[in-house]
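Step one of this worksheet: look at the structure below.
The values are calculated or read from the model by the stated rules, or taken from the named source; none is laboratory data. For clarity, every value in this text was computed on a predicted model and none was experimentally measured. Cβ coordinates were reconstructed from backbone atoms using ideal geometry, including for glycine residues, and neighbour counts include every protein chain displayed.
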């Protein structure tokens, strides 16, 4: 079955440049806008993101007009509530709508793509989204991506990691990768990513489950060639999802 790529934007186009070489980045698995008790928390998530003053956010487990989440276009809602630009890419059709990834940004998004990475489900090859876009700082392009890696099988995640590195390794611009990797630090799939990326959330602490978190499986990474200084990194204790959000502020070198 052919998969439709669904990507949306809000607000005017045009290049807007950041004022400095410091960027505040968030990665957040929002669990389709529900907390660990499956209570609706999408509005609270929007308020939290707005108050965080993050410049760009990668979101995982996003619903688009699904029955289970009230037929809400979640990315459009979050963009309207935060005043940010947005993009959405679906993994697959689901429950009267679709399920996928999102990006929120204080700055216009360009070169938006729903890239596909491999996954094997019940012995059958399929693909899932890796949403990428770019923003501009002082006239220079910064690539941004978010991903939700396979939770079932380490071999699948390792293949996904290798595909991600191949996808971005020829990129001369800074590359920021965010996501729920479903893997802990030091695993083969993380080490594969660290051939190209530096973990800039390594001091942030465990992210899952949101209530009494035990494991760090949500990450922010930056291409090693552009890493200068990580200014701040933290996991924020807000229980609006079954994951905790990760935030990093960092500088890079061109």
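Numbers below:
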item	result
Test: residue 172 is at pLDDT below 95 and farther than 17 Å from residue 26 by Cα	yes
Residue in the stretch 53-63 that is more than 30 Å from residue 139 (Cα to Cα), surrounded by 24 or more Cβ atoms within 10 Å (Cβ to Cβ) and in contact (Cβ under 8 Å) with a residue 12 or more places away in the chain present	yes
So residue 117, is it in contact with a helix residue (DSSP H, G or I) (Cβ under 6 Å, 6 or more places away or on another chain) and either surrounded by fewer than 19 Cβ atoms within 10 Å (Cβ to Cβ) or closer than 20 Å to residue 240 by Cβ (or both)	no
Which numbered condition residue 83 fails, given (1) under 29 Å from residue 24 (Cα atoms); (2) touching a helix residue (DSSP H, G or I) at 6+ places or on another chain (Cβ under 9 Å); (3) surrounded by 14 or more Cβ atoms within 10 Å (Cβ to Cβ)	(3)
So residue 12, is it farther than 30 Å from residue 230 by Cα and at pLDDT below 95	yes
Strands (runs of 3 or more DSSP E) (entirely within the stretch 115-218) containing at least 1 residues that are out of contact with any strand residue (DSSP E or B) (no Cβ under 7 Å at 6 or more places or on another chain)	124-137, 140-148
In the stretch 230-254, the residues that are over 15 Å from residue 57 (Cα atoms) and either loosely packed, with under 15 Cβ neighbours inside 10 Å or modelled with pLDDT under 95 (or both)	230, 231, 232, 237, 251, 252, 253, 254
Matching residues, the stretch 74-92, being in a strand (DSSP E or B) and in contact (Cβ under 8 Å) with a residue 60 or more places away in the chain	85, 86, 87, 88, 89, 90, 92
Among residues of the stretch 209-229, those that are closer than 30 Å to residue 35 by Cα and surrounded by 15 or more Cβ atoms within 10 Å (Cβ to Cβ), counted	10
Residues of the stretch 134-160 satisfying the condition of being over 23 Å from residue 247 (Cβ atoms) and touching a helix residue (DSSP H, G or I) at 6+ places or on another chain (Cβ under 6 Å)	150, 157, 158
Some residue of the stretch 58-73 being touching a helix residue (DSSP H, G or I) at 6+ places or on another chain (Cβ under 8 Å), within 22 Å of residue 27 (Cα to Cα) and modelled with pLDDT under 95	no
Any hit, the stretch 19-31, residues being modelled with pLDDT of 95 or more, part of a helix (DSSP H, G or I) and under 18 Å from residue 100 (Cα atoms)	yes
